[in-house]
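As structure tokens, the structure follows; a few thoughts come after it.
The values are calculated or read from the model by the stated rules, or taken from the named source; none is laboratory data. It should be emphasised that the depicted structure is a prediction, and the values quoted were computed from it without experimental measurement. Don't worry about glycine lacking a Cβ; one is built from the backbone with ideal geometry, like all the others, and counts go over all protein chains shown. Note: areas computed on protein heavy atoms with side chains; ligands, DNA, RNA excluded. Shrake-Rupley method; radii C 1.70, N 1.55, O 1.52, S 1.80 Å.
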Amino acid sequence: MGNSATAPTAPLKVALVTANGTDTTAGTEVAGGSYARKNMTVAAATNGATSNSADLIWTGMPAATVVGVEVWDSAGVPVRLWYGPLGASRTVASGDELKIIAGALTFALA
């Protein structure tokens, strides 16, 4: 109590991970190829829930097995806001594309 809330620094960024993190430790982020975090926009919340409002597409991926995603803000020292496993891991070969379709990442307050 007594602490003021600070809004995340936009844009929000989605990171792909090859090992999921915990509440205290970030996961192992994909590295190599043309991989870079992607900007994410979200739809207006309905009943405390929202989702990514556009497809997220990574091209020129390195060979990797992606097991989860993390959402970070764009502060000078980025803050991890959310993390979670994929419903099923995705294995990509070097040069492949990985797509997360609009609405596939859902976020809710419980």
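Just need the relative contact order of segment 61-110 here, percent rounded to a whole number, with Cα pairs under 8 Å and 6+ apart.
Over segment 61-110, the number comes to 42 percent.
What percent of all Cα-Cα pairs in the chain falls into each 5 Å bin, going from 0 up to the bin containing the maximum distance?
Result, from short to long distances: 2, 11, 20, 25, 21, 12, 5, 2, 1, 0 percent.
Can you compute 3J(HN,Hα) from phi for each residue in segment 96-102, using the Karplus curve 6.51 cos²θ - 1.76 cosθ + 1.60 with θ = phi - 60°, rounded to whole Hz and x for Gly and Pro?
5, 10, 10, 10, 10, 6, 3
Tell me, what is the FRET efficiency for ALA10 and THR46 to the nearest 0.05, using R0 = 22 angstrom and their Cβ-Cβ distance as r?
Calculated transfer efficiency: 0.60.
Taking only Cα atoms and a 10 Å spring cutoff, compute GNM fluctuations for the chain and point out the largest among VAL77, VAL17, VAL67.
In the Gaussian network model the winner is VAL77.
Share of segment 1-66's accessible area from carbon and sulfur, percent, 1.4 Å?
53 percent
Which ³J(HN,Hα) values, rounded to whole Hz and listed in residue order, are derived for segment 46-60 from phi using the Karplus coefficients 6.51, -1.76 and 1.60 in 6.51 cos²θ - 1.76 cosθ + 1.60 with θ = phi - 60°, glycine and proline given as x?
Running phi through 6.51 cos²θ - 1.76 cosθ + 1.60 with θ = phi - 60° gives 10, 6, x, 10, 8, 8, 5, 8, 9, 4, 10, 10, 9, 10, x Hz.
For the pair ASN39 and SER94, what calculated FRET efficiency results from E = 1/(1 + (r/R0)^6), where r is the Cβ-Cβ distance and R0 = 35 Å, to the nearest 0.05?
That gives a FRET efficiency of 0.90.
For LEU105, which sequence-distant residues (separation of 5 or more, or a different chain) have an amide H within less than 5 Å of its own amide H, given hydrogens modelled in the peptide plane?
HN-HN under 5 Å from LEU105: ASN52.
Leaving out ligands and nucleic acids, note down the accessible area per residue over segment 1-108 with a 1.4 angstrom probe, in whole Å².
Here the residues of segment 1-108 average 57 Å² of exposed surface.
Between segment 1-57 and segment 77-110, what is the C-alpha centre distance in whole Å?
8 Å
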